[in-house]
Each structure stands twice: as structure tokens, then as C-alpha cells.
Amino acid sequence: MITFDSVTKRYPDGFVAVDNLSLEAETGQITVLVGPSGCGKTTTLRMINRMIDATEGQILLDGSDVRQIDPPTLRRGIGYVIQQAGLFPHRKIVDNVATVPYLLGWEKKKARDRAMELLERVGLDPKMAQRYPFQLSGGQQQRVGVARALAADPPVLLMDEPFSAVDPIVRTSLQEELLRLQAELNKTIVFVTHDIDEAIKLGDKVAVLRVGGKLAQFAAPKTLLSEPADDFVREFLGRDRGIRRLSFVSSSYLKLRTDLTVTSSSAAGPSDDAWLMVVSEDGKPVGWLDRDEPFGTYVHGKDSLRAALDAALLSSSGQAVALDESGRVVGVATRKALDEALSEAADG
Ligand SMILES: Nc1ncnc2c1ncn2[C@@H]1O[C@H](COP(=O)(O)OP(=O)(O)O)[C@@H](O)[C@H]1O
Ligand SMILES: [Mg+2]
């Protein structure tokens, strides 16, 4: 766990970049620092690995004051990823990734084997290992940056706007990759971004900072969306808070109807105006009975209520087709069921 206890950073010119900050970044979780440019995010992050020293207050790493640990020892346990990856241009990818193991005096082969393993872990073709950074796309370089930070298997990872310089599609895939990696690795991650959507997607907890380095709110994404602490946070979160909050409500609250599905072999069905979902022999959705209209699906219990609502809106019937994780139909969520779940979500 990383603890900020009343931390202030005053630069030599007197400017207060971080003002009396207290928060805890839990072990094994992603804690996001978000806020407008100049609000002190980078300063906060760099005080953890002592690239910058705090003026007042204490930062504790698992209970030890970081100022009592000499910087090289401290940084051995802390991976650091920055925007545009910051790779060494004249070193091959494999050697970039092996930077810290080399510094730690690992045998060359062991360091390179580790680098190759990590390249694969972050989703890069091993063939890239022999290239130089300029021969990779921005997104690929960013993956290398993550691999390099993980090379010596540090328990803590600091990430400063790592995905800000890549286009939105690559960015989404890097975010998903990070969440997948984190599910395997359980690092203690402090992630800095100015993008509130990224913060909400990645953070177990999110610290919203305002200019002057003041903490405006520190909460789980769901809480930020439902209970912003003040107008600054509300405005920073932007539009559609209500809809976005549904991303954190499980679709398992939806009551499914199983009587609205029919198997393709027994396609006689009732003749009233109900919409019936035809299901194939192996359980897959085929389409609405006697109606050549679109339908939307979601994975029941795994996807959010927002995904289920979206599926319903994409269905001409207004009902969402619920699937299990192998893509088999488990039922249909009617408008009534959605309505009930939405009312419950609104009540919290
Ligand atoms: N070395 C420095 N001396 C004086 N002011 C600085 C220094 N470094 C950063 N600042 C100021 O501190 C504030 C916070 O900077 P920074 O932590 O980089 O913000 P962010 O990462 O949120 O954009 C900014 O106003 C910046 O100009
Ligand atoms: Mg910054």
C-alpha cells in the first residue's frame, strides 16, 4: 500500500503544486490520479519514487517512509512508464525491455529470456524484439514501455499518461490489455491521466485533483458518477453520468423470461404479438420468430446493465437477448424487466 499523509510539494519558486494531499493506494489495485493539466499529477507520482521529494508530509510504501529508502533501492521495486514510452532509440527492443535486469547484473541470457517472455505478455510479436524503437508504431512502443517497467517484476507500477499519445482505437486496446495484465499480475498501480473516461475505465479508485494540487474527491468510479463531491467534480465528469453509472451495475439484476424463446425445430409458437427468440440446436440465437428484424445480445451477469440496455435499444422488439459466456441463449430481458432494474439502480 502507498500512503500519502498530508503531503505538500512547494517548488523552489514558491509554487504549491500539491497541497496537503492524503490518500491511500491499495495493494494490488489501480489507483488513478485524474485532473486538468497542471493540477499536480506528475509531481504527485514522482514523489513516490523520489524523482521529486515532498516538502511536507510523508509518503509510506507498505509502512516505510520513502525518504528513509535510498532512491536506487526504492526504484528497484517500482516500475515507471511514461508517455511515448521513453525507449532508448539506439537499443533493440529486447535490450530496452531488459534494461533493469542488466542494471541488476542478471546474466545476459536470463535477462533476454525474461524480456522475450514479457514482450509476449504485453501482446507483441517476438519478431519485434530485434527491431529498434523507430521501427514500431506508437502503440507498440507503449507496450514495450510497459514490458520494460515489468522486467524486474516490481510490486509497484507508476504510469504517467502512458496512453495519451496514441489514437483512440489503439488506446482502447492498450487499456484493455492493461486490465487483462493486471488481472494476472495484481500490481499496485498508480496511473495518471487527464482523461476522465480512462480514469473511470481503469481505476479501482479515482482521485480527482483540481489545479493547485488539491484533492477534490477520492472514490470508486461508481461513487464518483453517482455522488460527485462538488460542482468541479460534476463538471469534470461531464455528461451522461446516469447512463455511464449503469456500466457498474450488473446485468444479473435483470429478471429473465425463458418462455419467450423457441427452438428452431419446434417453431410453432403462440400467435399473440409477443416477440419470440428462435434458438438453434446448439443454443445460439437465430432471430425473432416470423420477423426479420435486428436483435441485440449481452452476456448475462458478466456484462453491465448498460450493455443490456444497449442490446435492448438495438433490438426492434425493445428486448435484450441474454446469453451465457459461451454464447448460448439463457433468456430474454423484456422492457418490463429493464424498467424494474433501472428503477432499482436509480434507487442505488
Ligand atoms: N520544477 C518546477 N518548478 C516550479 N513549478 C513547477 C515545476 N514543475 C512543475 N511545476 C508546476 O507545478 C504544477 C503541477 O505540475 P505537474 O505535476 O507537472 O502537473 P500535471 O502533471 O498535473 O500536468 C504546474 O503548474 C507546473 O507548472
Ligand atoms: Mg503531467
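Each value in this text was obtained by applying a stated rule to the coordinates, not by laboratory testing. Computed from a prediction, not measured in an experiment: that's the story for all the values here. Note that each Cβ is placed from the backbone with ideal geometry, even for glycine, and that neighbours are counted across all protein chains shown.
Structural remarks
- Multiplying the residue separation of Thr27 and Tyr102 by 0.36 nm and subtracting their alpha-carbon distance yields 24.3 nm.
- Three semi-axes describe the equivalent ellipsoid of region 9-123; taken as square roots of 5 times the Cα gyration tensor eigenvalues and ordered largest first, they are 31, 17, 15 Å.
- Under the Karplus curve 6.51 cos²θ - 1.76 cosθ + 1.60, θ = phi - 60°, whole-Hz ³J(HN,Hα) for region 142-149, x wherever Gly or Pro sits: 5, 5, 4, x, 5, 4, 4, 5
- Distance-filtered residues of region 204-221 - backbone nitrogen under 20 Å, label point 7 angstrom along Asn186 Cα→Cβ: 204-205
- Annotation: amide H of Thr8 within the under-5 Å range of Asn20, Leu21, Thr55, Glu56, Gly57, sequence separation 5 or more or interchain, hydrogens built in the peptide plane.
- Taking the Cα centre of region 2-244 as origin and assigning +1 to Lys and Arg Cβ atoms and -1 to Asp and Glu Cβ atoms, the resulting dipole is close to 800 debye.
- About its Cα centre, the dipole of region 201-348 is roughly 760 debye, where the only charges are +1 on Lys and Arg Cβ and -1 on Asp and Glu Cβ.
- Each residue of region 184-189 was assigned a 3J(HN,Hα) from its phi angle through the Karplus expression (A = 6.51, B = -1.76, C = 1.60, θ = phi - 60°), giving 7, 9, 6, 7, 8, 10 Hz with x at Gly and Pro.
- In region 274-348, the GluC sites (Glu not before Pro) that fall in loop regions by DSSP, at most 13 other Cβ within 10 Å: Glu281, Glu325
- Reference-scaled alpha-carbon Rg (2.2 N^0.38 Å with N residues) for region 272-329: 1.07
- Given charges at Cβ of Lys, Arg, Asp, Glu: region 2-244 dipole, positive-most of Leu224, Thr8, Gln84: Gln84
- Under the Debye formula (equal points on every Cα, no solvent term), log10 I(q)/I(0) of the chain at q = 0.09 Å⁻¹: -0.63
- Linear extension gain, Asp273 paired with Leu179, 0.36 nm per residue minus alpha-carbon span: 29.5 nm
- Think of region 2-244 as having a plus end and a minus end, set by charges on the Cβ of Lys, Arg, Asp and Glu; of Leu174, Gly145, Leu45, Gly145 sits farthest toward the positive end of this dipole.
- For Arg131, residues with placed amide H under 5 Å, excluding near neighbours: Ile93, Val94
- The value of relative contact order for region 2-244, using C-alpha pairs under 8 Å at least six residues apart, is 27 percent.
- Going from the residue with the fewest nearby Cβ atoms within 10 Å to the one with the most, His90, His194, His300 rank His90, His194, His300.
- Listed residues Val100, Ala25, Ala308: farthest to the positive end of the dipole of the chain (Cβ charges): Val100
- The HN-Hα couplings worked out from phi for region 276-281 by the Karplus form 6.51 cos²θ - 1.76 cosθ + 1.60 (θ = phi - 60°) are 10, 8, 7, 10, 6, 3 Hz, whole numbers, x standing for Gly and Pro.
- Estimated FRET transfer efficiency (Asp324, Phe15; beta-carbon r; R0 41 Å; 0.05): 0.15
- When DSSP beta bridges are restricted to pairs lying wholly in region 2-244, around 50% turn out antiparallel.
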